[in-house]
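Everything below concerns the one structure shown next.
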Amino acid sequence: GMRLVWSTNKQPVYGSFVLIRDRHRDLHAREYRQGPAPGQWIGAALHSAYRSIHSTEDGCRIVAVAKYAELP
């Protein structure tokens, strides 16, 4: 099995699982995707019950990137 560990040092690449803090300081786990313009990104929701988050939204930022490690 594998475990997910959040890294604040790792840079996201498209397809990464990221943790995003919004303007209300809430955290959201999303898939990091390319945005509509250069330098923009989208935190895509993996389920339709949740909304995607765009880098252009006021105050949102990526705070961590998932990395995976084997279970001991």
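The solvent-accessible area of Trp6, taken with every protein chain present and a 1.4 Å probe, is close to 100 Å². Using C-alpha pairs under 8 Å with a sequence gap of at least 6, the mean separation divided by the residue count of the chain gives a relative contact order of 42 percent. Computed 3J(HN,Hα) for the range 46-51, one whole-Hz value per residue from the Karplus formula 6.51 cos²θ - 1.76 cosθ + 1.60 where θ = phi - 60°, is 8, 9, 5, 6, 10, 9, glycine and proline marked x.
Working from the Cα coordinates of the chain, the gyration tensor eigenvalues give, after taking √(5λ), semi-axes of 22, 13, 12 Å in decreasing order.
The values are calculated or read from the model by the stated rules, or taken from the named source; none is laboratory data. Please read all numbers here as calculations on a predicted model, not as lab measurements. We work out accessible area using only protein heavy atoms, side chains counted, and drop any ligands, DNA or RNA first. Shrake-Rupley method; radii C 1.70, N 1.55, O 1.52, S 1.80 Å.
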